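Trainee: Mind having a look at this structure? Questions to follow.
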Amino acid sequence: MTVGDHLLLSWVDEPESECCEWERITCSSTTGHVSHLFLHNIRNLNTDHYHDSHYYYHKDVVWFLNASLFETFKELKNLNLSLNWIGGWVENEGSESLLRLNKLERLDLGSNLFNQNIIQSLRLLKSLKTLNLAANLLEGSFPAEDFKSLSKLSKLKHLDLGHNSFDKGILGSLSSLSALKSLKLDSNDMEGPLYDQGLCELKKLEELDLSWNSFEGILPSCLYNLTSLQLLDLSGNEFRGNISSLIAGLTSLKYIDLCFNHFEHFSFDSLANISKLEFFQFKCDSKTLDIETENSGWVPLFQLDFLVFSNCYLNYSNQIPTFLLHQHNLRVLDLSYSNLKGPFPGWLLENNTRLEFVSLNNNFFTGHFHLWLPLNSAYAMDVSNNQLSGQLQGNMGNILPKIRLLNLSKNAFEGYLPLSIGNMSLLDLLNLSFNNFSGEIPKELLIGCFQLQILDLSNNKFSGHLLSITFNFTKLRVLKINDNQFSGTLSPKCSLMSYFDVSNNKMSDKIPTWICNNTYIDTLFLRNNFFKGQIPCETIQIRHLDLSQNSLSGSLPSWSSERLEQLHLGQNNFSGSIPEAFFNISRLWTLDISDNRLSGRIPNAIGELWGLRILLLRGNLLSGEIPTQLCQMENINLMDLSNNFLSGMIPHCFHRISFDPINIFGAYYSVLFSTTPYQYRIFQKVIDVPFLGLSNYFKASGEVGLGYLYAPPDEFNFVTKYRLSSYKGHILDYMSGLDFSCNNLTGGIPLELGQLSRIHALNLSHNQLTGSIPETLSKMTELESLDLCHNCLNGEIPPQLIELHFLEVFSVAHNNLSGRTPDMKAQFGTFSARSYDFNPFLCGLPLQKNCTSDDSPPMPTKSSDVNDGKWYKVDQTIFFISFSVTYSMFFLGVIIVLYINPHWRLRCFNLVEDCMYSFRLYN
């Protein structure tokens, strides 16, 4: 074992060095002997997986400690060896030496790699009051010998066995620890009903943590006897029943956590007699839970400090519980996702001016967001996804002067932003997206909120030149201003961000060169603006890039990148061939170069993109055959080669592609920033209070930071069910399709296509395909859209197609099909005659043409002459005689009319004369 760098530097073996002055050591003021030894994480290991010892269980980490090193510390009372991944004691040098520490009261062995053998080595530590064995390799239940050893710790008051793999068999072993006041069994492998297995014998218990196991069923009634209980954490289990009666009987409770169970009933009246309650957390995991609000106007005996009541429906009243009218000390308030209705409860915030964290998001509050009294302690506030309206109050920045996180998104706010927002100098995150704000961004915000790291103004009506010279957010990591009316050019100061979305605006000019080789930007979306010219970069380091729907021109760049995952260049004016360098981008999962002017063949090297999920080459001038190398892309979800000039046959190898949707488009990324997350401390517990859209992460220093979670909005167009639809976000996890329409493909439909059982859309329309429709298509059991119209297909429509139970769109119009249409059953009962139009030899419903007993196509009528089997042969003598008689009679009729009527005769001679005159002039 080696001590980590920069640790224990004061520990020097020199005569003049006094060990009581060394770091991590405390000596007794009376005896001068060492009383406290704090050796937590002396190897300076990464703390990202603090509670996951198994993660580090390999040869390079585990080591064994010589416990005889502590023999001389006769007066030692507190020993902390946590987070060192110790695997045990050195053989013959360990447990016996540790047993001589007769005065040891506190032993912390958490986050190591001890197994059950550690219990035996603790058997004579009779002075021990606090024992932490959390996050080790302890599992199962205690053997008989270990049970006897544990029962000798008669003074033990605090026991932490959390984050191990114990089963509930150990509960009976704990009943002998009669002095126990605190018991933590969180995050183990305990499952099944919680019967009276020893817990109820611990009459002095004040803290009981059973969270994040797999307990189920109804809580045992004997828990009512734990009248000294102050902390009860049952979160993360599968308990059922009515929890109210148990809570009402435990009147000493200060801390209650009931999150994520399957309770059927809870009443706020059960809190009426609990006078010391400070912490109450209930996040419902079931919409069947009956939450009963107060039956009477009781006044609570307690003043809450922490209230989280989230994702619960309040007995269909949809009103805030009335007991909150009497709360004045709240620091944390979370009523999110609770279907609450009515005017915004400004009174609740004004009654609790000590509020630090407020979350009222995802309810149905209406009216104005207006506060009369300042919340000087407010750290974070989220009122997003409600129905709030009107303008923000002018002194907004003075009401929330110390706010760090502010989310007002998804409401109906309107008007200009107040200038006082610039007074929020500590603001790290500001989310105003999905409202109706308009006008320019105030200069005061751009100058005063210089600490901003996340700014989301998307989906509003903002205008002006935000990204001009005055743009001075040097710490900004995430900027989302998409779907507004911003104009102008991109400032070079944008190059320091990680996430930048300016799509769907009126930005113009050329693509700036600072996007090239930029190692800061991870995601850049410039979609649907007025950028023009060529892409200036020879290399790119961006992970997600969208330059589609602009006026970019020239050749596609010959990029090779180790980071690029999404590339959208569609709907521009690019020309030339597809560069083969694209196919060296090994991590690419989306390639959209559709609707350009690209020409030439599809390169065979395209098969190198084995990880590609989306391939869109639609709407170009590509020619040649479809390369069989496309079949090597076995992970593809959507392939669109439509509206080109591709020819030849459809390769028979496409059955190798599974078209099996995989959850990759819903993958989340995070942008780390320096803001410290909000944490609440009580009973030696550290409660992380989450803020919507943010997550915690561990820094290298061991401190906790915040990360902005985002899923890159991979968006593109794809034709299915006759519509060109835009797909975006999680829906892509469920989409799969193949579109070869509007080309010059020939030959038959490969039988192997029927093996694509997971595909949702198949479009082969507007080609020159021949042959019959394969029966194997009936095996495409998840198919929703099948379009084979405008081809040269013949034969009958396979009746087996009625087995396609999810089919919503079907068309075989404009072919040469014959025979009966499929039975009007299942989905085929919903298709009209338009699905079969212009197939003259088809019959049966929904067509008006009925089928005869012979389902074959009708044959032409034969000649009555037995000797002449050809209907089109005519007797030539009879034909010439009848023709001569008819011509003579017609000519004679004309002569008679001209002879009898002089007017018509004159008109006829004039016409002949005019024609002769015109002919002379022409010649």
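Trainee: Filter the stretch 114-128 down to residues that are surrounded by 21 or more Cβ atoms within 10 Å (Cβ to Cβ) and either at pLDDT below 80 or in a loop (DSSP other than H, G, I, E, B) (or both), then give me how many there are.
Mentor: Of the residues in the stretch 114-128, 4 are surrounded by 21 or more Cβ atoms within 10 Å (Cβ to Cβ) and either at pLDDT below 80 or in a loop (DSSP other than H, G, I, E, B) (or both).
Trainee: Any residue in the stretch 832-861 that's open to solvent by 80 Å² or more (accessible area, probe 1.4 Å): show its pairings with residues that are modelled with pLDDT under 90 at Cβ separation under 6 Å, as long as the two are six or more apart or on different chains.
Mentor: F841/P857
Trainee: Taking the stretch 493-506, which residues are assigned to a strand (DSSP E or B) and within 22 Å of the chain's Cα centre (by Cα)?
Mentor: Y499, F500, D501, listed by residue number.
Trainee: So, S498, is that one buried (at least 22 other Cβ atoms within 10 Å of the Cβ), over 22 Å from N584 (Cα atoms) and at pLDDT below 90 or not?
Mentor: In short, yes.
Trainee: Looking only at the stretch 387-405, how many residues end up being surrounded by fewer than 23 Cβ atoms within 10 Å (Cβ to Cβ) and under 24 Å from K461 (Cβ atoms)?
Mentor: Here the count works out to 8.
Trainee: Taking the stretch 200-233, which residues are closer than 22 Å to H262 by Cα, open to solvent by less than 50 Å² (accessible area, probe 1.4 Å) and not in a strand (DSSP E or B)?
Mentor: Listed by number, the residues that qualify are L210, S211, N213, L219, P220, C222, L223.
Trainee: Can you go through H40, H54, H36 and tell me which one is open to solvent by 50 Å² or more (accessible area, probe 1.4 Å) and either basic (K, R) or modelled with pLDDT of 80 or more (or both)?
Mentor: H36
Trainee: Now a separate question. Filter the stretch 332-349 for residues that are in a loop (DSSP other than H, G, I, E, B) and open to solvent by 60 Å² or more (accessible area, probe 1.4 Å) and give the result.
Mentor: Y337
Trainee: Cβ-Cβ under 8 Å, sequence separation 6+ or interchain: first residue in the stretch 517-543 and touching a residue at least 40 places away in the same chain (Cβ under 8 Å), partner small (G, A, S). Which pairs?
Mentor: Final answer for the pair search is D522/S498; T523/S498; F525/S503; R527/S503; R527/S548.
Residue by residue, here is whether (1) within 23 Å of Y669 (Cβ to Cβ); (2) at pLDDT 95 or above; (3) basic (K, R) holds:
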| position | (1), (2), (3) |
| --- | --- |
| N529 | no, yes, no |
| C537 | yes, no, no |
| L556 | no, no, no |
| F574 | no, yes, no |
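Trainee: Exactly one condition in (1) open to solvent by less than 60 Å² (accessible area, probe 1.4 Å); (2) among the hydrophobic types (A, V, I, L, M, F, W, C); (3) more than 18 Å from P690 (Cα to Cα) is not met by W372; state its number.
Mentor: Among (1) open to solvent by less than 60 Å² (accessible area, probe 1.4 Å); (2) among the hydrophobic types (A, V, I, L, M, F, W, C); (3) more than 18 Å from P690 (Cα to Cα), W372 violates only (1).
Trainee: Okay, moving on. Suppose we filter Q197, Q230 for residues that are of a type outside the set (F, W, Y) and touching a Ser or Thr at 6+ places or on another chain (Cβ under 6 Å); which single one remains?
Mentor: Only one candidate passes the filter, namely Q230.
Trainee: Continuing with this model, one more query. Across the stretch 671-694, what is the number of residues that are under 18 Å from the mean Cα position of the chain (by Cα) and at pLDDT 80 or above?
Mentor: The total comes to 5.
Trainee: Find the residue count for the stretch 90-113, including only residues that are modelled with pLDDT of 80 or more and either touching a Cys at 6+ places or on another chain (Cβ under 7 Å) or not in a loop (DSSP other than H, G, I, E, B) (or both).
Mentor: The total comes to 3.
Trainee: In the stretch 174-198, what residues are open to solvent by 10 Å² or more (accessible area, probe 1.4 Å), assigned to a helix (DSSP H, G or I) and in contact with a Gly (Cβ under 7 Å, 6 or more places away or on another chain)?
Mentor: Once the filter is applied, which keeps residues that are open to solvent by 10 Å² or more (accessible area, probe 1.4 Å), assigned to a helix (DSSP H, G or I) and in contact with a Gly (Cβ under 7 Å, 6 or more places away or on another chain), the stretch 174-198 yields only S175.
Trainee: For the stretch 537-544, state whether one or more residues are in a strand (DSSP E or B) and over 23 Å from the mean Cα position of the chain (by Cα).
Mentor: No: zero hits.
Trainee: Residues S647, S670: which one is touching a Leu at 6+ places or on another chain (Cβ under 8 Å) and either within 30 Å of S336 (Cβ to Cβ) or not in a strand (DSSP E or B) (or both)?
Mentor: From the options S647, S670, the qualifying one is S670.
Trainee: Check L258 against each of (1) open to solvent by 10 Å² or more (accessible area, probe 1.4 Å); (2) among the aliphatic types (A, V, I, L, M); (3) within 27 Å of Q684 (Cα to Cα) and name the one condition it does not meet.
Mentor: Result: L258 passes all but (1).
Trainee: I would also like to ask the following. Scanning the stretch 427-443 for residues that are assigned to a strand (DSSP E or B), polar (S, T, N, Q) and without any contact (Cβ under 8 Å) to a residue 40 or more places away in the chain, which turns out least open to solvent (accessible area, probe 1.4 Å)?
Mentor: So, considering only residues that are assigned to a strand (DSSP E or B), polar (S, T, N, Q) and without any contact (Cβ under 8 Å) to a residue 40 or more places away in the chain, the one least open to solvent (accessible area, probe 1.4 Å) is S438.
Trainee: Same structure, new question: Only one of I626, I614, I682 is closer than 30 Å to L183 by Cα, in contact (Cβ under 8 Å) with a residue 40 or more places away in the chain and not polar (S, T, N, Q); which?
Mentor: I682
Trainee: Quick one: which strands (runs of 3 or more DSSP E) lie wholly within the stretch 581-626 and hold at least 1 residues that are in contact with a helix residue (DSSP H, G or I) (Cβ under 8 Å, 6 or more places away or on another chain)?
Mentor: Counting at least 1 such residues, we get 590-592, 614-616.
Trainee: Of these, L490, L524, L446, which one is outside any loop (DSSP other than H, G, I, E, B) and out of contact with any helix residue (DSSP H, G or I) (no Cβ under 7 Å at 6 or more places or on another chain)?
Mentor: L446
Trainee: So, one more: Looking at (1) open to solvent by less than 40 Å² (accessible area, probe 1.4 Å); (2) more than 23 Å from M381 (Cα to Cα); (3) not in a loop (DSSP other than H, G, I, E, B), which one does S420 not meet, given that it meets all the others?
Mentor: Among (1) open to solvent by less than 40 Å² (accessible area, probe 1.4 Å); (2) more than 23 Å from M381 (Cα to Cα); (3) not in a loop (DSSP other than H, G, I, E, B), S420 violates only (2).
Trainee: Restricting attention to the stretch 573-585, does a residue exist that is open to solvent by 10 Å² or more (accessible area, probe 1.4 Å) and closer than 30 Å to L455 by Cβ?
Mentor: No, there is no match, as no residue in the stretch 573-585 is open to solvent by 10 Å² or more (accessible area, probe 1.4 Å) and closer than 30 Å to L455 by Cβ.
Trainee: Given (1) closer than 21 Å to G533 by Cα; (2) open to solvent by less than 30 Å² (accessible area, probe 1.4 Å), identify the lone condition not met by I521.
Mentor: The one condition I521 does not meet is (1).
Trainee: Here's a follow-up. Out of (1) within 22 Å of F683 (Cα to Cα); (2) touching an Asp or Glu at 6+ places or on another chain (Cβ under 9 Å), the odd one out for Q327 is which?
Mentor: Among (1) within 22 Å of F683 (Cα to Cα); (2) touching an Asp or Glu at 6+ places or on another chain (Cβ under 9 Å), Q327 violates only (2).
Trainee: Of all residues in the stretch 539-551, how many are under 15 Å from I593 (Cβ atoms), open to solvent by less than 10 Å² (accessible area, probe 1.4 Å), in contact with a strand residue (DSSP E or B) (Cβ under 6 Å, 6 or more places away or on another chain) and of a type outside the set (G, A, S)?
Mentor: Qualifying residue count, the stretch 539-551: 2.
Trainee: Another question, if that's okay. Which ones in the stretch 300-312 are farther than 11 Å from S275 by Cα, open to solvent by 10 Å² or more (accessible area, probe 1.4 Å) and over 25 Å from the mean Cα position of the chain (by Cα)?
Mentor: Result: D305, single match.
Trainee: Report, by residue number, each residue of the stretch 761-799 that is open to solvent by 10 Å² or more (accessible area, probe 1.4 Å), in contact with a helix residue (DSSP H, G or I) (Cβ under 8 Å, 6 or more places away or on another chain) and more than 18 Å from L817 (Cβ to Cβ).
Mentor: Passing the criteria: K779, T781.
The values are calculated or read from the model by the stated rules, or taken from the named source; none is laboratory data. This one's a predicted model, so the numbers in the text were calculated from it and none came from an experiment. Positions of Cβ are generated from backbone atoms using ideal geometry, with glycine treated the same way; all protein chains shown enter the neighbour counts. Just so you know, the surface numbers come from the protein's heavy atoms only, side chains and all, with ligands and any DNA or RNA stripped out. Shrake-Rupley method; radii C 1.70, N 1.55, O 1.52, S 1.80 Å.
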